[in-house]
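The values are calculated or read from the model by the stated rules, or taken from the named source; none is laboratory data. Treat the numbers as computed from the prediction; the structure is a model and nothing was measured. Neighbour counts run over all protein chains shown; Cβ positions are idealised from the backbone, glycine included. Just so you know, the surface numbers come from the protein's heavy atoms only, side chains and all, with ligands and any DNA or RNA stripped out. Shrake-Rupley method; radii C 1.70, N 1.55, O 1.52, S 1.80 Å.
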Amino acid sequence: MQWENLLLEISEGIATVTVNRPAAMNAMNAATLGELETVVAEIVSNPAIRAAIITGAGSKAFVAGADIAALRDMTSTEARDLALQAHRIYAAIERSPKPFIAAVNGYALGGGCELAMACDIRLASENAKFGQPEINIGILPGFGGTQRLPRLVGKGRALEIILTGDMIDAREALRIGLVNRVTAQDELLVEARKLAGKIAAKGLVALRLCKDAVGNGSEMDLTRGCAYEAELFGYSFSTADQKEGMGAFLEKRPAVFRDC
């Protein structure tokens with residue numbers, strides 16, 4: 001299927017989604033969000049896809065926020081509905097049984113920073129810039145920034161970024177734990193695909209259970225989180241992938257997972 005604002009490439013079990021509005025610094029508008037929702041659903045449901053990468057077209061921007069021209073005349077109801085749509089899409093990425101990697105090439109501001117934070121792992125090029133500048137235009141982050149940023153970097157650092165509207169560079173994002181690693185710009189997608197390929201080689205059942213344990217367990221206290229982990233650990237021993245994985249280890253051969 002052809003998209004107006006996105007590119008989708010599927011190769012060797014990895015889906016690469018490119019936000020393709022370079023003339024607008026890949027800014028998010030309602031049409032782009034609608035396409036992204038459809039693409040994310042396709043990735044989740046397609047058994048041929050085992051991992052996904054999200055990036056932006058060109059070298060200047062991942063996603064440089066929402067399209068302000070489209071936002072300016074929205075009513076409060078329309079703005080809320082747009083935020084709820086973004087929350088639904090970003091939650092689908094976060095809750096997907098398949099891992100999503102953000103390959104941040106340039107500006108990741110506002111909704112773009114929030115999109116990156118919804119992904120499981122974030123890689124950044126050396127020229128990447130991150131920020132939640134909404135306060136500079138009289139609003140607050142509306143696509144999950146006030147919730148995911150504190151969970152990733154802590155309340156104090158998150159509030160400084162949100163309340164000042166200042167951008168931080170890739171090295172500072174790495175230092176505070178917002179991104180996992182920083183690469184040269186021309187190596188970003190190579191590294192992202194290498195990482196996605198390594199993860200995609202694992203069994204999808206174990207991948208899903210690991211994401212569930214971390215995602216759901218992090219919202220629990222330690223005792224409940226450990227109990228939840230134990231339940232998932234026990235369940236994993238009922239799967240064909242567990243039998244194959246342990247058998248392959250003992251037989252000193254590569255595992256061939258059937259995702260069941």
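As for region 3-11, it holds at least one residue that is within 28 Å of ASP169 (Cα to Cα) and surrounded by fewer than 17 Cβ atoms within 10 Å (Cβ to Cβ). Within region 242-260, restricting attention to residues that are under 22 Å from ARG50 (Cβ atoms) and hydrophobic (A, V, I, L, M, F, W, C), the residue that is most open to solvent (accessible area, probe 1.4 Å) is PHE249.
Which residue, of LEU174, LEU232, LEU159, is under 30 Å from ALA70 (Cβ atoms) and part of a helix (DSSP H, G or I)?
LEU159
Within region 144-166, the set of residues being under 17 Å from PRO133 (Cβ atoms), out of contact with any helix residue (DSSP H, G or I) (no Cβ under 7 Å at 6 or more places or on another chain) and surrounded by fewer than 19 Cβ atoms within 10 Å (Cβ to Cβ) comprises ARG157, LEU159, GLU160, THR164, ASP166.
If you go through region 25-52 and keep only what is closer than 14 Å to ASP67 by Cβ and in contact with a Lys or Arg (Cβ under 9 Å, 6 or more places away or on another chain), you end up with MET25, ASN26, ALA27, MET28, ASN29, THR32. LYS243 passes every criterion in (1) more than 25 Å from THR16 (Cβ to Cβ); (2) modelled with pLDDT of 95 or more; (3) part of a helix (DSSP H, G or I) apart from (2). Within region 208-230, the residues that satisfy the criterion of being out of contact with any helix residue (DSSP H, G or I) (no Cβ under 7 Å at 6 or more places or on another chain) and within 25 Å of SER45 (Cα to Cα) are ARG208, CYS210, LYS211, VAL214. The residues in region 84-128 that are out of contact with any helix residue (DSSP H, G or I) (no Cβ under 7 Å at 6 or more places or on another chain) and surrounded by 22 or more Cβ atoms within 10 Å (Cβ to Cβ) can be counted, and the count is 4. The residues of region 221-236 that are open to solvent by less than 50 Å² (accessible area, probe 1.4 Å) and free of Cβ contacts under 8 Å to residues at least 24 places away in the same chain, listed by number, are GLY225, LEU232, GLY234. Just one of (1) buried (at least 16 other Cβ atoms within 10 Å of the Cβ); (2) among the hydroxyl-bearing types (Ser, Thr, Tyr); (3) under 25 Å from ALA118 (Cα atoms) fails for THR239. It is (3).
Restricting attention to region 52-77, the residues being surrounded by fewer than 13 Cβ atoms within 10 Å (Cβ to Cβ) and of a type outside the set (A, V, I, L, M) number 5.
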